[in-house]
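**Q** My structure is below; once you've seen it, I'll send some questions.
The values are calculated or read from the model by the stated rules, or taken from the named source; none is laboratory data. Since this is a predicted model, take the numbers as computed values, not measurements. Here the Cβ positions follow ideal geometry from the backbone for every residue, glycine too, while neighbour counts run over all protein chains shown.
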Ligand SMILES: C[S@@+](CC[C@H](N)C(=O)[O-])C[C@H]1O[C@@H](n2cnc3c(N)ncnc32)[C@H](O)[C@@H]1O
């Protein structure tokens with residue numbers, strides 16, 4: 001059991017008071033690695049503790065699954081051994097048929113998904129994930145972003161009217177990590193090593209960078225526009241970095257209208273997969289409220305309005321990992337090896 005950095009008993013990490021601001025401004029992003037404050041060091045220790053615990057849980061889950069498979073195999077063998085020869089043949093035959101049906105259903109579903117995604121390439125809402133921030137993330141954060149992207153692809157593939165996803169600035173470490181995803185080469189998306197500004201140079205006026213720091217509130221989704229999401233897992237360490245980037249490039253920015261519909265218990269900064277999922281839900285329902293309530297986890301929302309709205313505080317240390325881990329369970333089966 002990894003030891004809690006707060007000296008706890010291995011339960012939830014104790015919360016520490018945030019007297020210093022561990023966030024990093026966009027200006028500092030260019031000034032090399034930041035010197036960590038005492039609070040930032042504490043946060044880092046907590047994060048490492050959390051990650052060790054997560055790895056431990058993952059190993060336990062894997063072991064449990066292995067035992068389940070083993071148990072089922074034994075049960076099956078016992079049931080075969082306990083029946084007559086002719087009944088055994090019948091059991092084997094019905095199992096073969098069941099498997100065949102399942103495979104046929106799966107390949108039909110896969111075909112439908114390919115059709116929907118190909119249609120989206122022509123007529124769908126374009127959504128870009130800007131991958132030009134890999135130099136600002138540690139290996140765990142890059143891993144987390146890759147998981148989020150896998151999740152986005154899986155959720156999009158399940159939509160009746162999916163969006164057309166782009167991964168731009170896809171190079172270096174990020175590209176290698178993505179290429180390790182089984183079946184990634186076959187994904188129906190746009191992958192470009194160039195930045196979105198280059199890849200979509202003829203549509204610069206249609207680009208809208210989504211960022212929680214924008215003053216403009218997104219009212220609607222416009223099919224003619226291309227919405228850009230910052231491919232960053234930073235626990236808002238690099239606060240304002242996407243706003244600054246978009247402003248320097250002279251492109252439009254907008255934030256999701258979260259504040260119009262719900263109060264958050266902490267920051268309005270969401271993870272990449274949550275933003276993609278909200279956009280997809282909105283494309284389906286044209287209802288922001290429904291979309292936010294369907295995607296934003298309960299623990300991120302205020303219990304009631306009277307509790308106030310402590311916006312723009314630092315996200316919990318492990319929040320971004322949790323958000324994708326929770327959803328991953330749903331998507332593991334949705335990202336088959338060669339979908
Ligand atoms: C984890 S956030 C990265 C936060 C980063 N510090 C920044 O400056 O954007 C990932 C991305 O999701 C999008 N995003 C997150 N919350 C949002 C919100 N409330 N409104 C619009 N976009 C949001 C932004 O594109 C953001 O870059």
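**Q** Determine which single condition residue 283 fails, assuming it passes every other condition in (1) touching a residue at least 60 places away in the same chain (Cβ under 8 Å); (2) closer than 21 Å to residue 134 by Cα.
**A** All conditions are met except number (2).
**Q** Determine, yes or no, whether residue 222 is assigned to a loop (DSSP other than H, G, I, E, B), farther than 20 Å from residue 270 by Cβ and within 16 Å of the ligand (Cβ to nearest atom).
**A** yes
**Q** Please give the number of the condition residue 161 fails out of (1) surrounded by 15 or more Cβ atoms within 10 Å (Cβ to Cβ); (2) in contact (Cβ under 8 Å) with a residue 40 or more places away in the chain.
**A** Looking at each condition in turn, residue 161 falls short on (1).
**Q** So if I check each of 266, 214, which one is within 13 Å of the ligand (Cβ to nearest atom), over 21 Å from the mean Cα position of the chain (by Cα), surrounded by fewer than 21 Cβ atoms within 10 Å (Cβ to Cβ) and not in a helix (DSSP H, G or I)?
**A** Values: 266 fails: over 21 Å from the mean Cα position of the chain (by Cα).
It is 214.
**Q** Moving on. Within the stretch 248-259, count every residue that is assigned to a strand (DSSP E or B) and under 22 Å from the mean Cα position of the chain (by Cα). Let's see the steps before the verdict.
**A** Residues of the stretch 248-259 assigned to a strand (DSSP E or B): 252-255.
Those left that are additionally under 22 Å from the mean Cα position of the chain (by Cα): 253-255.
Adding up the residues that qualify gives 3.
**Q** Let me ask another. Please enumerate the residues belonging to the stretch 292-301 that are within 12 Å of the ligand (Cβ to nearest atom), closer than 19 Å to residue 221 by Cβ and part of a helix (DSSP H, G or I).
**A** The answer is 292, 295.
**Q** Identify, from the list 145, 117, 80, the residue that is over 18 Å from residue 184 (Cβ atoms), in contact (Cβ under 8 Å) with a residue 12 or more places away in the chain and in a helix (DSSP H, G or I).
**A** Only one candidate passes the filter, namely 80.
**Q** Does the stretch 181-199 contain at least one residue that is near the ligand (Cβ under 7 Å from one of its atoms) and under 26 Å from residue 269 (Cα atoms)?
**A** No.
**Q** May I ask you to list the residues in the stretch 269-286 that are assigned to a loop (DSSP other than H, G, I, E, B) and more than 8 Å from the ligand (Cβ to nearest atom)?
**A** At the first step, the residues of the stretch 269-286 found to be assigned to a loop (DSSP other than H, G, I, E, B) are 269-271, 286.
Within the stretch 269-286, 286 is the sole residue that qualifies.
**Q** One residue is enough: does the stretch 5-27 have a residue meeting the conditions assigned to a helix (DSSP H, G or I) and at pLDDT 50 or above?
**A** Initially, the stretch 5-27 is screened for residues assigned to a helix (DSSP H, G or I), giving 27.
Now drop any that are not at pLDDT 50 or above, which leaves 27.
Yes, the stretch 5-27 contains a residue that is assigned to a helix (DSSP H, G or I) and at pLDDT 50 or above.
**Q** Let me ask you something else. Might you let me know whether the stretch 92-110 holds any residue that is surrounded by 21 or more Cβ atoms within 10 Å (Cβ to Cβ) and part of a helix (DSSP H, G or I)? Spell out the reasoning first.
**A** Just the residues of the stretch 92-110 that are surrounded by 21 or more Cβ atoms within 10 Å (Cβ to Cβ), to begin with: none.
No, the stretch 92-110 contains no residue that is surrounded by 21 or more Cβ atoms within 10 Å (Cβ to Cβ) and part of a helix (DSSP H, G or I).
**Q** Of the residues 255, 239, 245, only one is out of contact with any helix residue (DSSP H, G or I) (no Cβ under 7 Å at 6 or more places or on another chain) and under 12 Å from residue 130 (Cα atoms); which?
**A** Unique residue meeting the criteria: 245.
**Q** Is it the case that some residue within the stretch 162-172 is closer than 21 Å to residue 110 by Cα, in a loop (DSSP other than H, G, I, E, B) and more than 14 Å from the ligand (Cβ to nearest atom)?
**A** Scanning the stretch 162-172, I find at least one residue that is closer than 21 Å to residue 110 by Cα, in a loop (DSSP other than H, G, I, E, B) and more than 14 Å from the ligand (Cβ to nearest atom), so the answer is yes.
**Q** Just for the stretch 234-247: of the residues that are more than 6 Å from the ligand (Cβ to nearest atom) and either over 19 Å from the mean Cα position of the chain (by Cα) or at pLDDT 95 or above (or both), which one is surrounded by the most Cβ atoms within 10 Å (Cβ to Cβ)?
**A** We begin by selecting, within the stretch 234-247, every residue more than 6 Å from the ligand (Cβ to nearest atom); these are 235, 237, 243-247.
Narrowing further to those that are either over 19 Å from the mean Cα position of the chain (by Cα) or at pLDDT 95 or above (or both): 243-247.
Values: 243: 19, 244: 17, 245: 22, 246: 24, 247: 17.
The extreme case among them is 246.
**Q** Could you count how many residues in the stretch 200-211 are over 28 Å from residue 40 (Cα atoms) and crowded, with 19+ Cβ neighbours inside 10 Å?
**A** From the stretch 200-211, those over 28 Å from residue 40 (Cα atoms) are 200-209; that's our starting set.
Next, only the ones that are crowded, with 19+ Cβ neighbours inside 10 Å stay: 200, 207-209.
Final tally of qualifying residues: 4.
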